[in-house]
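To keep things clear, I will list the structure first and then write my remarks on it.
The values are calculated or read from the model by the stated rules, or taken from the named source; none is laboratory data. Treat the numbers as computed from the prediction; the structure is a model and nothing was measured. Using ideal geometry, Cβ is built from the backbone for each residue, glycine included, and neighbour counts are taken over all protein chains shown.
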């Protein structure tokens, strides 16, 4: 009888999966990085993909500044100093539409099916989508800030306030982008996500004190606006950049802790649901 011999050590090493030797966390981070890079590499090939975070914010900023600015007087400050912080916060909220449409498109185009057929962790696909969409939203916010500075917006920021602002905006990006991912996975239709996203974000933006002061609204819309999560985020950005205080409800009078609480609550609800629905849809 011929004895069975083990293959040479070199052969065993060649057939061992490269990722198997890596710790699970490092493998997950590497896969997330690779998938984020894949998404970003498509931007130069399809530059119009960034139109919602570049062209659209510029149009909105010019439109509202020169249309509303000619009719609205905000006591104690120029209208551009009132509008631009609100536009930054609104850019965060519009991450719902961008991330939702991108996620739904990946589902309908079969991109997610190709990813899930690979030996990669399912969570890395969700995380890569989240990080990639946040990067695109940051580009849009930089565009808004640059246009605002060119039009006369003058923020007043010291280092602590700047760090606080970055923290609040980062939490907002995570929360609203995660909400968009949830819509994209749940609906799996770019048209449906876009329609529902605009139906949700536009009322939040107009009731958020982005364009006009909340105090001048009538009773019902003012009450809704005072407890609108976007109102707290707008008030937080405006307070940190311009040093102005908001009055009304507790979230408006304490906008930074209120924004943190709202963003953490949205993320805590949406992220587990997104992961659950994604895992079920990709089986």
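Some observations on this one:
- Positions within the range 85-119 being on the phi > 0 side of the Ramachandran plot and at pLDDT 80 or above, in sequence order: none
- Screening 236, 245, 205 for residues that are free of Cβ contacts under 8 Å to residues at least 40 places away in the same chain, within 27 Å of residue 152 (Cβ to Cβ) and out of contact with any strand residue (DSSP E or B) (no Cβ under 7 Å at 6 or more places or on another chain) leaves exactly one candidate, 245.
- Test: residue in the range 68-86 that is in contact (Cβ under 8 Å) with a residue 24 or more places away in the chain, closer than 23 Å to residue 200 by Cβ and surrounded by fewer than 23 Cβ atoms within 10 Å (Cβ to Cβ): yes
- If you go through the range 120-139 and keep only what is over 19 Å from the mean Cα position of the chain (by Cα) and either modelled with pLDDT of 85 or more or not in a helix (DSSP H, G or I) (or both), you end up with 120, 121.
Every residue, every condition in (1) assigned to a loop (DSSP other than H, G, I, E, B); (2) touching a strand residue (DSSP E or B) at 6+ places or on another chain (Cβ under 9 Å); (3) over 25 Å from residue 247 (Cα atoms), yes or no:
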position: 141; (1), (2), (3): no, no, yes
position: 144; (1), (2), (3): no, no, yes
position: 176; (1), (2), (3): no, no, no
position: 209; (1), (2), (3): yes, no, no
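- Residues of the range 183-195 classified as touching a helix residue (DSSP H, G or I) at 6+ places or on another chain (Cβ under 7 Å) and either surrounded by 24 or more Cβ atoms within 10 Å (Cβ to Cβ) or without any contact (Cβ under 8 Å) to a residue 40 or more places away in the chain (or both), total: 4
- In the set (1) farther than 22 Å from residue 130 by Cβ; (2) crowded, with 17+ Cβ neighbours inside 10 Å; (3) in contact with a helix residue (DSSP H, G or I) (Cβ under 7 Å, 6 or more places away or on another chain), residue 212 fails one condition alone, (3).
- Every listed requirement among (1) exposed (fewer than 10 other Cβ atoms within 10 Å of the Cβ); (2) over 30 Å from residue 127 (Cβ atoms); (3) modelled with pLDDT of 70 or more is met by residue 44 save one, (2).
- Test: residue 34 is within 19 Å of the chain's Cα centre (by Cα), part of a helix (DSSP H, G or I) and farther than 20 Å from residue 208 by Cβ: no
- Residue within the range 144-157 that is buried (at least 21 other Cβ atoms within 10 Å of the Cβ), at pLDDT below 90 and within 21 Å of the chain's Cα centre (by Cα) present: yes
- So residue 57, is it in a helix (DSSP H, G or I), closer than 27 Å to residue 211 by Cα, within 20 Å of the chain's Cα centre (by Cα) and modelled with pLDDT under 85: yes
- Residues that are closer than 14 Å to residue 246 by Cα and in a loop (DSSP other than H, G, I, E, B), drawn from the range 73-87: 74, 75, 76, 77
One line per residue, one yes/no per condition, for (1) in a loop (DSSP other than H, G, I, E, B); (2) in contact with a helix residue (DSSP H, G or I) (Cβ under 8 Å, 6 or more places away or on another chain); (3) crowded, with 17+ Cβ neighbours inside 10 Å:
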{"position": "237", "(1), (2), (3)": "no, yes, yes"}
{"position": "240", "(1), (2), (3)": "no, yes, yes"}
{"position": "245", "(1), (2), (3)": "yes, yes, no"}
{"position": "251", "(1), (2), (3)": "no, yes, yes"}
{"position": "259", "(1), (2), (3)": "no, yes, yes"}
{"position": "262", "(1), (2), (3)": "no, yes, yes"}
{"position": "266", "(1), (2), (3)": "no, yes, yes"}
{"position": "272", "(1), (2), (3)": "no, no, no"}
{"position": "275", "(1), (2), (3)": "no, yes, yes"}
